[in-house]
1. So which residues in the stretch 205-234 are surrounded by fewer than 19 Cβ atoms within 10 Å (Cβ to Cβ) and in a helix (DSSP H, G or I), if there are any at all?
2. Within the stretch 168-190, which residues are in contact (Cβ under 8 Å) with a residue 24 or more places away in the chain, loosely packed, with under 15 Cβ neighbours inside 10 Å and within 16 Å of the ligand (Cβ to nearest atom)?
3. Here are some residues: 105, 133, 70, 141. Which one is within 16 Å of the ligand (Cβ to nearest atom), of a type in the set (Asp, Glu), in contact (Cβ under 8 Å) with a residue 12 or more places away in the chain and more than 30 Å from residue 223 (Cβ to Cβ)?
4. Being buried (at least 18 other Cβ atoms within 10 Å of the Cβ) and within 16 Å of the ligand (Cβ to nearest atom) is the filter here, so list the residues in the stretch 73-84 that pass it.
5. Of all residues in the stretch 1-30, count the ones that are more than 16 Å from the ligand (Cβ to nearest atom) and either among the aliphatic types (A, V, I, L, M) or assigned to a strand (DSSP E or B) (or both).
6. I'd like the full set of residues that are out of contact with any Phe, Trp or Tyr (no Cβ under 8 Å at 6 or more places or on another chain) and part of a strand (DSSP E or B), limited to the stretch 60-92.
7. Here's a check for you: in the stretch 262-293, which residue that is part of a loop (DSSP other than H, G, I, E, B) and away from the ligand (no atom under 11 Å from the Cβ) is nearest to the chain's Cα centre (by Cα)?
8. From the list 198, 202, exactly one residue is part of a loop (DSSP other than H, G, I, E, B) and over 19 Å from residue 140 (Cβ atoms). Which is it?
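The values are calculated or read from the model by the stated rules, or taken from the named source; none is laboratory data. Just so you know, these numbers come straight off a predicted model, no measurement behind them. For neighbour counting, all protein chains shown are included, and Cβ atoms are generated from backbone atoms with ideal geometry for every residue, glycine included.
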Amino acid sequence: MPAPILVIGSANTDMVVKTAKLPAPGETVLGGKFLMNPGGKGANQAVAAARLGGTVTFVAKVGDDVFGREARAGFIREGMDTQYVLTDPDRPSGVALINVDEHGENCIAVAPGANGNLQPTDVAPALQAAPPETLLLLQLEIPLPTVEQAVKLAAERGLRVVLNPAPAQALPDSLFVNLFLITPNETEAETLTGIRVTGEATAERAARKFHDMGVQNVIITLGAKGAYLHTADGGGTMINTPPVSPVDTTAAGDCFNGALTVALAENQSLTDAVTFACRAASISVTRMGAQASMPTQADLTK
Ligand code: RIB
């Protein structure tokens, strides 16, 4: 029986414009299509995990508005447990403005809305109810005190915690010792370790620094190159992503984290889990949108 997955994080509605190039400061760029899609790092990771067969409970806060109602309906359609998706009567649902260029690169600005009001007390009931084998998956699009409280409660209950430290921000030292796994990209790894990650050698240095900070296992994602895994016993390995032509890299990291957690919940080795996650993420970048791009189990068996 796979372990349950508890995702605590943000839910947004993404407003996406595809343009030939990303606008520079002060520049207006005429674009192509406009798309409105469900997004938010927490919700994207929860949906990725659910589509790949994970048993997912999602903890989030949305506004009492059409975006919040649409988001909740989407989570129910994906088969997620939504009993801890709260409604904030005072703040609007989170929104992200996204530009995607012709190479699939993006830039994103987020108005957090209700995500910014997910309080430490809001996450306690789900953590208290979680079975001990549960994997907790977190990101940084909700208030940091809430992330800290979730990690603390999970550690008290002996749950394994996976932290995707996105978007990049400095974190308190006390957080790292309770992490089973951290999954930064190059930028996030540099923010947290001070080491500029440009490839395998620098990824290894950053990973060793994370171990020194108390993290058990480290995966540094390296975009199209794949991911570098460094485990608690000191072994490092580079896992490559299958080559693809990207149309939209938005939420590729979210897809990676959702898929990774599903594989870990199935008791796969870290190496196999990273390989699976790289394959899933390589599919997601060939499709537009965040949750819209997440592959299913059938996509991965082709
Ligand atoms: O990681 C991609 C996500 O970041 C988007 O869906 C957007 O909502 C922002 O949260």
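1. Of everything in the stretch 205-234, those that are surrounded by fewer than 19 Cβ atoms within 10 Å (Cβ to Cβ) and in a helix (DSSP H, G or I) turn out to be 205, 208, 209, 211, 212, 213, 223, 224, 225.
2. Within the stretch 168-190, 169 is the sole residue that qualifies.
3. Details: 105 fails: more than 30 Å from residue 223 (Cβ to Cβ); 133 fails: within 16 Å of the ligand (Cβ to nearest atom); 141 fails: more than 30 Å from residue 223 (Cβ to Cβ).
Result: 70 is the single residue among 105, 133, 70, 141 that is within 16 Å of the ligand (Cβ to nearest atom), of a type in the set (Asp, Glu), in contact (Cβ under 8 Å) with a residue 12 or more places away in the chain and more than 30 Å from residue 223 (Cβ to Cβ).
4. Across the stretch 73-84, the qualifying residues are 75, 78.
5. Of the residues in that region, 8 qualify.
6. First, the residues of the stretch 60-92 that are out of contact with any Phe, Trp or Tyr (no Cβ under 8 Å at 6 or more places or on another chain): 61-74, 76-79, 83, 86-91.
Across the stretch 60-92, the qualifying residues are 61, 62, 63, 83, 86, 87, 88.
7. For the stretch 262-293, the residue satisfying everything is 285.
8. The match here is 198.
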